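Novice: Here's a structure for you.
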Amino acid sequence: MLRTHTCGELTEKHVKTETTLCGWVHRRRDHGGVIFVDLRDRYGLTQVVFHPDILKKNFSLAEELRPEYVIKVQGKVRMRPEGQTNEKIKTGKIEIEVTELEFLNRAKTPPFEIDQEMEVKEELRLKYRYLDIRRERVKNNLILRSEIFKTTRKFFENEGFLEIETPILIKGTPEGSREYLVPSRLYPGDFYVLPQSPQQLKQLLMVAGIDRYFQIPRCFRDEDQRGDRQPEFTQLDLEMSFVNQEDVMDVIERYFLEITEKHTTGKKFPKKFPRMTYHDAMSTYGVDKPDMRFDLKLVNISSEKEKCGFGVFENSEYVFVLPVPKKHGEVTRKMIDDYTELAKKNGAGGLAWFRVGEESGPVAKYCSKEFLEKITKKTNSEKGDLLLFGAGNFETAVSPLGAIRSSLGDVFNLKDPNNFAYLWVYEFPMFEMNSEGQIGAVHHPFTRPLKEDQHLLANEPLKARAEAYDIVLNGVELGGGSIRIHESELQAQIFDILRISKEDADRRFGHMLRAFEYGAPPHGGCAPGLDRIVMMFAGEPNIREVIAFPKNQTAQDLMLGAPSKMPEEQIKELHIEVREEE
């Protein structure tokens, strides 16, 4: 080893010890001929001192030192002079009196400061990500990520799970998100795909008798990017046999308690996670992943809308109201205009509102006084409180108010960063109708319907609920799962509802259906997103901050320059042709 210690290791107990350190020049200070350098590696900082009387002939090298030079120093550990200690770091009471200096590598001036956490454009940070990782923020995020992964593996190993890898090159089964295609050189015209998740493979492991499986796989989705999405991401994947929904939720909840206790400091979190049905979450918070850290709630006033005097309300299937108490702060007309646009982006035609005790707002203009009094009483509102309304079908009535509620939580600082408000949301719908009037699976076609709702599959499938569940933290869905279908007859019925023909089912899922004919056990699982977990634990705004080499928001790798053009010979060898866009 070139070094005897790391730059975060030495303390006063090492005084008079001879040491050799290697690292990067973090900061350099010249104090009247004596040069001080903060030497950095991933473990920390150590102050090293270059004195011309001690270093002698090599002192000219010390005068050449610049930020990010990689050096090796030898010397003796000594206490810092009185009044010059740094209590903020572990090595802050000692320094190294250098006797030997060796340059391991010089460095160009970095495109941004490494030694301080100043704001740098993300484009520049991603282009020079190897430099960005040297900074405390990203480095500490990657350390946290590594520690959470370590705890994850240990937890599931102790629970009797086997860690099993599944393949990256698999068969395409077009459903859900768009898949990345990989052309086959050996089989012209045929393709592999990169897996969106190991969903089918883990179910096949249950058929194989591996009753407790987990892995930390890479998953790939060719979709538009958001703050919590990447083309490739990492999830915790697990599946269990001979279990019901309670069994899966229990092990996941204990896992989250374990990592929260080990990898957070000063966070408040429930020892038993509250639960809420999908319908209750939507009715109360306007979203299926509600942030439970603050108490603004929607109120269903559909039964009060009859003969209210406002045609929009009277002709709507549902009307909900979001009361905003004045005690939280003032909602200005400018904010109402902004929230009207937000409501429109979430499916509403506009935003009706009424301020209690004032004759202002469209609701006050059109609605009867009796209706306003009833709504004020039902919502326990007081003078000055603002009432925001949503109307239409169920989704249109609640979703815009849910988006506004989340924004108000930010505006009025209602989201306590030290509160980890975990929540289970369950009993999701089995199916949904798309914009083209076709029924699709909300989760995936192997999700099991609730036993008490199976009779609805024949004539009212859209009313059927699934044995599906999501784990939510502070308004972010960390992962979801379900109990799976393991009987061929029930699976055939689901395919029929989804209008998947026998031929199409065999083409897409034949391997699964054949496996189920050989004794598939009852099974279920869950797949939390580890990138999102680390993001939440690190308090970061997006998952790019907790991934070593992420893509940007348009799925480009700015550091490597990917995606990129490929040589024509290689493209021809793969039996594909690139056409220019018209």
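Novice: Out of contact with any Gly (no Cβ under 9 Å at 6 or more places or on another chain), β-branched (Val, Ile, Thr) and either open to solvent by 50 Å² or more (accessible area, probe 1.4 Å) or within 25 Å of Ile114 (Cβ to Cβ) (or both): which single residue out of Val25, Val15, Val70 fits that description?
Specialist: Val25
Novice: If you scan the range 464-482, which residues turn out to be on the phi < 0 side of the Ramachandran plot and open to solvent by 10 Å² or more (accessible area, probe 1.4 Å)?
Specialist: Passing the criteria: Arg465, Glu467, Asp470, Val476, Glu477, Gly480.
Novice: Provide a single number: the residues in the range 197-213 that are crowded, with 21+ Cβ neighbours inside 10 Å and in a loop (DSSP other than H, G, I, E, B).
Specialist: 1
Novice: Going through the range 175-196 one residue at a time, which ones are open to solvent by 80 Å² or more (accessible area, probe 1.4 Å) and more than 22 Å from Leu530 (Cα to Cα)?
Specialist: Selection gives Leu181, Arg185, Leu186, Tyr187, Pro188, Asp190, Phe191, Tyr192.
Novice: Among residues belonging to the range 153-207 that are touching a helix residue (DSSP H, G or I) at 6+ places or on another chain (Cβ under 7 Å) and of a type in the set (Ser, Thr, Tyr), point out the one that is nearest to Phe516 (Cα to Cα).
Specialist: Thr173
Novice: May I pose another question? When you check Phe320 against the structure, is it over 29 Å from Asp470 (Cβ atoms) and among the aromatic types (Phe, Trp, Tyr), yes or no?
Specialist: No, not satisfied.
Yes/no matrix, rows are residues, columns are (1) over 36 Å from the mean Cα position of the chain (by Cα); (2) without any contact (Cβ under 8 Å) to a residue 40 or more places away in the chain:
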position	(1), (2)
Leu45	no, no
Ile54	yes, no
Pro81	yes, yes
Lys90	no, no
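Novice: Restricting the search to the range 506-526, which residues are surrounded by fewer than 17 Cβ atoms within 10 Å (Cβ to Cβ) and in a loop (DSSP other than H, G, I, E, B)?
Specialist: Glu517, Tyr518, Gly519, Pro521, Pro522, listed by residue number.
Novice: Moving to a separate point now. Taking only pairs six or more apart or across chains, which ones have beta-carbon atoms under 6 Å, a first residue in the range 527-541 that is open to solvent by 30 Å² or more (accessible area, probe 1.4 Å), and a second residue that is not in a helix (DSSP H, G or I)?
Specialist: Here the result reads Arg532/Asp228; Arg532/Leu478; Met536/Leu473, each pair linking the range 527-541 to a residue that is not in a helix (DSSP H, G or I).
Novice: One residue is enough: does the range 123-130 have a residue meeting the conditions of a type in the set (Phe, Trp, Tyr), more than 14 Å from Tyr69 (Cβ to Cβ), at pLDDT 95 or above and surrounded by fewer than 11 Cβ atoms within 10 Å (Cβ to Cβ)?
Specialist: yes
Results for (1) closer than 20 Å to Asn542 by Cβ; (2) not charged (D, E, K, R), shown as yes or no for each residue.
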residue: Ile114; (1), (2): no, yes
residue: Glu117; (1), (2): yes, no
residue: Arg125; (1), (2): yes, no
residue: Arg129; (1), (2): yes, no
residue: Asn141; (1), (2): yes, yes
residue: Glu157; (1), (2): no, no
residue: Leu194; (1), (2): no, yes
residue: Gln203; (1), (2): no, yes
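Novice: Considering the range 347-382 alone, what residues qualify as being among the hydroxyl-bearing types (Ser, Thr, Tyr), modelled with pLDDT of 90 or more and not in a helix (DSSP H, G or I)?
Specialist: Hits for the range 347-382 are Thr379, Ser381.
Novice: Now a separate question. Given the criterion over 29 Å from the mean Cα position of the chain (by Cα) and in contact (Cβ under 8 Å) with a residue 12 or more places away in the chain, identify the matching residue among Gln553, Gln454.
Specialist: Of the residues listed, the single one that is over 29 Å from the mean Cα position of the chain (by Cα) and in contact (Cβ under 8 Å) with a residue 12 or more places away in the chain is Gln454.
Novice: Is there any pair with a first residue in the range 163-175 that is within 30 Å of Lys150 (Cβ to Cβ) and a second that is modelled with pLDDT of 85 or more and open to solvent by 60 Å² or more (accessible area, probe 1.4 Å) whose Cβ atoms are under 8 Å apart and which are 6 or more apart or on different chains, and what are they?
Specialist: Sorted first by the residue in the range 163-175, then by its partner, the pairs are Glu163/Arg153; Glu163/Glu157; Ile168/Arg218; Leu169/Tyr192; Ile170/Tyr192.
Novice: Still on this structure, please answer the following. Answer yes or no as to whether Pro417 is in a loop (DSSP other than H, G, I, E, B) and under 21 Å from the mean Cα position of the chain (by Cα).
Specialist: Judged against the criteria, Pro417 is a match.
Novice: Something else now. Test of understanding: among Glu477, Glu580, Glu503, which residue is part of a loop (DSSP other than H, G, I, E, B), acidic (Asp, Glu) and out of contact with any helix residue (DSSP H, G or I) (no Cβ under 6 Å at 6 or more places or on another chain)?
Specialist: Glu580
Novice: Taking into account only those residues within the range 306-336 that are assigned to a loop (DSSP other than H, G, I, E, B) and small (Gly, Ala, Ser), which is surrounded by the fewest Cβ atoms within 10 Å (Cβ to Cβ)?
Specialist: Ranking the candidates gives Gly329 first.
Novice: Next question, about the same structure. Being modelled with pLDDT of 95 or more and of a type in the set (A, V, I, L, M, F, W, C) is true for just one of Phe310, Phe294. Which residue is that?
Specialist: It is Phe294.
Novice: A further question follows. Select from the range 265-296 the residues that are under 24 Å from Leu450 (Cβ atoms) and without any contact (Cβ under 8 Å) to a residue 24 or more places away in the chain and write down the one among them that is most open to solvent (accessible area, probe 1.4 Å).
Specialist: Per the stated criteria, the residue is Lys272.
Novice: Pull up the range 214-236, narrow it to residues that are assigned to a strand (DSSP E or B) and open to solvent by 40 Å² or more (accessible area, probe 1.4 Å), then point me to the one that is nearest to Val248 (Cα to Cα).
Specialist: Across the range 214-236, the extreme among qualifying residues is Arg218.
Novice: Mind checking whether some residue in the range 283-305 is β-branched (Val, Ile, Thr) and not in a loop (DSSP other than H, G, I, E, B)?
Specialist: yes
The values are calculated or read from the model by the stated rules, or taken from the named source; none is laboratory data. In this text, all values refer to a predicted model and were calculated from it rather than measured experimentally. All Cβ positions, even for glycine, are placed from backbone atoms using ideal geometry, and neighbour counts span all protein chains on display. Each accessible area value is taken on the protein alone, full model and side chains, heavy atoms only, with ligands, DNA and RNA left out. Shrake-Rupley method; radii C 1.70, N 1.55, O 1.52, S 1.80 Å.
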